[in-house]
1. Return the tail of the calculated pair distribution for the chain, meaning the percent of Cα-Cα pairs more than 36 Å apart.
2. Pop out the carbon and sulfur fraction of the accessible area of the chain as a percent, whole number, probe 1.4 Å.
3. Would you mind classifying segment 249-356 by shape? Square roots of the alpha carbon gyration tensor eigenvalues, ordered a ≥ b ≥ c; an a/c under 1.5 is rounded, otherwise it is prolate if a/b is larger than b/c and oblate if not.
4. Label-point separation (nm) for ARG63 and ASN81, each offset 7 Å from Cα along Cα-to-Cβ?
5. What is the set of long-range amide H partners of ALA230 at a cut-off below 5 Å, with H atoms built 1.01 Å from backbone N?
6. Can you sort GLU172, GLU283 by solvent-accessible area, 1.4 Å probe, largest first?
7. Give the separation of the Cα centroids, segment 119-173 to segment 277-320, in Å.
8. Taking Cα pairs under 8 Å and at least six residues apart, what relative contact order does segment 1-136 come out at, in percent?
Amino acid sequence: MPRLWLINQFANTPDLPGHTRQYEVAAALAQRGWDVEVMASDFNLTQRSYRRLRWPRLSFTERVAGIRWTWLWVSPYRRNNWRRQLNMLSFCLHLWLRLAPAAWFRRLTGRAPDLILASSPQLPAAFTCLWIARLIGIPLVLEVRDLWPQVLIDQGGYRPVHPLVSLLRWMEGVLYRQAALVVVLAKGAESYVRERGAQRTAWLPNGPDLVLFPVQPLPPPRSRFCVLYAGAHGDANALDNVIEAARWLDCHGASIQLRLVGDGPEKPALIRQAAGLTNISFEAPLPKAAIPTLMAEADAILLSLRDVPLFRYGVSPNKLYDAYAIGRPVITTVPGEINDEVCREAIGVAVQPGDPAALATALLQLAATPLSERQAMAKRARSLAETTYSRQRINAQFDQLLSACITR
């Protein structure tokens, strides 16, 4: 039985809000005969709160779907400031203090992992895992969710010569060169990592569990066309643009209702910005298991991101592919590969970011589209989920690729 350590600070089980990719991969590998241990932070990224740990307890281990899952204490934070950096560093320190001795002891007793799968976004944790892997002579597979430090330059406003960017750029290069395999979630990221030293790469995008997200019929025509946004409420999500689109729709008397479900550091400011609007609602985040029912209530799903160069080729949005699976037309504001796919496959409407009037017009256009045409969009979206983004397909590929890394 091959043994795997899977590390991702922000991994979640399905009872929690946030992405569950690591859970789904780990559970599928466990079903295929792997002995999987997951290490993640107990401080939930979406809710900014601890879920299982109470001071002074620093870790908690449970069995979930055949996985040995350990939740680790990290320093808390509320906004993207120095406390977030402390949060990431505390996870790295906890990883090292816990895993380095355990890895060495298990190697002496013949129970060491055969492989470590380290998943970003944060590079220091993956870098810590690289040194643990080297300590006991096993391969490291790096999964790249976000392209650090490029995101700090394109979105965070850091200069390329900033000391933090330089440090992360060095870590990035070492990881790409030393990893036995680099897995990217965004197709456009594959050339990026190869240009920076990665030798073996694979594109395994985010994708829906087709059993959890079965096709759901579109709602029948009703007085208000319902558009759902479900996800993070951060600066990158540009929900201020969505609110201004809602204001435009309200001024023009449009019968469109926008539901924003989720949480994040910008949510209080967004609620203040939307004061007085009756065509937009803010709702608490839901666990992954509740998302299919939530999406089934909507006529269409909205994906909103800010106009950041990196997003044109370097994102793989979970909720977009969930919408494909359940069979919903989409509205996207992500130039590049995302908008191109929506137009090419005829599964919704693509809009340029940062233009509330254009977004409002696109929402009106989709709402006015006959039900039969929207049903055709939904059918094409589901087909794309089955042929390209299926979680079942991605998990099978993971099994093959990780097995190959052990036997090389």
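1. 24
2. Within the chain, the accessible surface is 55 percent carbon and sulfur.
3. It is rounded, given that a/c, with a ≥ b ≥ c, falls under 1.5.
4. My value for the distance between the label points is 4.5 nm.
5. Result for ALA230 returns VAL261, LEU302.
6. So the residues, ranked largest to smallest area, are GLU283, GLU172.
7. So the separation of the two Cα centres works out to 27 Å.
8. 25
The values are calculated or read from the model by the stated rules, or taken from the named source; none is laboratory data. Just so it is clear, the model here is predicted, and its values are computed rather than measured. A quick note on method: Cβ atoms are made from the backbone with ideal geometry, for glycine too, and the neighbour counts reach across all protein chains shown. Ligands, DNA and RNA are stripped out before the accessible areas are found, and what is left, the full protein with its side chains, is counted by its heavy atoms. Shrake-Rupley method; radii C 1.70, N 1.55, O 1.52, S 1.80 Å.
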